[in-house]
Amino acid sequence: LWARATDAATLLQEYRRIAVEQLGWEDAKDEGREQFVRRLFGWLRGSGAGSGEEAGKWLLVLDNADAPQALVAAGLVPSLGDGHVLLTSRASDAALRGVGVRSPLAVECVGEEDGARIILRRARAGSGGGGAGELEPATALADDGRELAALRALSREMGGLPIALEQVGATVARREGETFASFLRTYREAHTALLAAGDDDAAQLRRACATHGVSAAVQAVLAANEVSTASALAGLSAEECRELCDAVGVAPMQRIKVARARAALASAAESGGDAGCRTVATLWAIDLQSLSREARDLMEQLALCGADDVPLAMWWMQDGEVEEGGALQAVLGAAASGAS
């Protein structure tokens, strides 16, 4: 049994759909909430209520249950009986264990290269250039450096989410004359316009995250942990921000970006500025494509260490004292120890 569980109202609606479509309970549409839930859960526990049959062995998937505590509080998560409940969620391990999930399993997003291959496979399949089952390596486009770079950039922009990668490939295949490079340009323009629309608290957070490079996947994790507005992120102290990123497993470079966004939002809240716009333009006259992969990675890491609109002291100061090391020293130290 599969049910969308984004919130309690959606899950209850899904339970009624399952009862009508899969169990044949036509009267479930009009049945009172408490009576219906008791009847359904009784059937799952093996009492055979309502249909004259027991459920037997079952698996109930609660999809996108990002607020599991709310679902449990609403009485919409059944006891196991002879079955199992599987939650897909972006909530933290601590939140999941708090509602009885014994073994949370983290599912990583797709890596950059694999993401590029998925986009390429889907685009080739949609245009008749290859079967959907073929997973052609992205380096098949190595003779076109611009297209290969665009493929990899699109993979990063989609945050490694398979459904988003598939949609990119399908869209490129459907548009006559579209290339990966032209789609990347169109996507970025549309993304910027969308983020600029609206001045509400949530829109300000999206703009700040886009400015400072916080991925869509990390934004979704933050939202699932009650950080879905600019004021919510700005209200965190630097230490609280670090603890949250640690708790939800944010990758190291993304932690730096989240910290930058938080500092910019806090600064903007005090000064009345806009954390979604850089106050100082930093121009790089370097062709990153001409550098080695290791050199590009190092340049990208160095660029992240000094936010354009956040004084460097905000990074290195904690309770009025300069921290030993700091982000820049840590990156330089790692680079020096690993350089030949």
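The values are calculated or read from the model by the stated rules, or taken from the named source; none is laboratory data. The model shown is predicted, which means the values in this text are computed figures rather than measured ones. We place every Cβ from the backbone using ideal geometry, glycine too, and count neighbours over all the protein chains shown. Protein only, heavy atoms only, side chains kept; ligands, DNA and RNA dropped before computing areas. Shrake-Rupley method; radii C 1.70, N 1.55, O 1.52, S 1.80 Å.
Can you pull out the residues in segment 6-38 that are in a helix (DSSP H, G or I), open to solvent by 40 Å² or more (accessible area, probe 1.4 Å) and charged (D, E, K, R)?
Our first condition is that a residue be in a helix (DSSP H, G or I); within segment 6-38, this holds for 8-21, 26-29, 33-38.
Next, from what is left, pick out any that are open to solvent by 40 Å² or more (accessible area, probe 1.4 Å): 9, 13, 16-17, 21, 26-27, 29, 33-35, 38.
Selection gives R16, R17, E21, E26, D27, K29, R33, E34, R38.
From A269, A224, A275, grab the single residue that is at pLDDT 80 or above, surrounded by 14 or more Cβ atoms within 10 Å (Cβ to Cβ) and either aliphatic (A, V, I, L, M) or more than 26 Å from D7 (Cα to Cα) (or both). Let's see the steps before the verdict.
Details: A269 fails: at pLDDT 80 or above; A275 fails: at pLDDT 80 or above.
Going through A269, A224, A275 in turn, the sole match is A224.
Scanning segment 144-167 for residues that are aliphatic (A, V, I, L, M) and assigned to a helix (DSSP H, G or I) returns L148, A149, A150, L151, A153, L154, I163, A164, L165. For segment 144-165, the candidate set comprises residues that are open to solvent by 30 Å² or more (accessible area, probe 1.4 Å) and among the aliphatic types (A, V, I, L, M); within that set, the residue that is nearest to D114 (Cα to Cα) is L161.
Just to be sure I understand, how many residues within segment 89-110 are of a type outside the set (D, E, K, R) and open to solvent by 50 Å² or more (accessible area, probe 1.4 Å)? Even if it seems obvious, please write down each step before you answer.
Going residue by residue through segment 89-110, those that are of a type outside the set (D, E, K, R) are 89, 91-92, 94-96, 98-101, 103-107, 109-110.
Subset that is open to solvent by 50 Å² or more (accessible area, probe 1.4 Å): 94, 98, 100, 103, 105-107, 109.
Residues meeting the conditions: 8.
Cβ-Cβ contacts under 8 Å between residues 6 or more apart (or on different chains), taken from a first residue in segment 55-75 that is without any contact (Cβ under 8 Å) to a residue 40 or more places away in the chain and within 25 Å of A106 (Cβ to Cβ) to a second residue that is hydroxyl-bearing (S, T, Y) and open to solvent by 30 Å² or more (accessible area, probe 1.4 Å), are listed as P68/S89. Scanning segment 96-122 for residues being within 26 Å of P162 (Cα to Cα), out of contact with any Asp or Glu (no Cβ under 9 Å at 6 or more places or on another chain) and aliphatic (A, V, I, L, M) gives a total of 5.
What helices (runs of 4 or more DSSP H) lie completely within segment 55-127 and have 2 or more residues being charged (D, E, K, R)? Spell out the reasoning first.
On the way: elements: 68-73, 93-97, 112-126.
Correct list: 93-97, 112-126.
Within segment 230-250, how many residues turn out to be touching a residue at least 24 places away in the same chain (Cβ under 8 Å), under 17 Å from A91 (Cα atoms) and open to solvent by 20 Å² or more (accessible area, probe 1.4 Å)? Number satisfying all stated conditions: 4.
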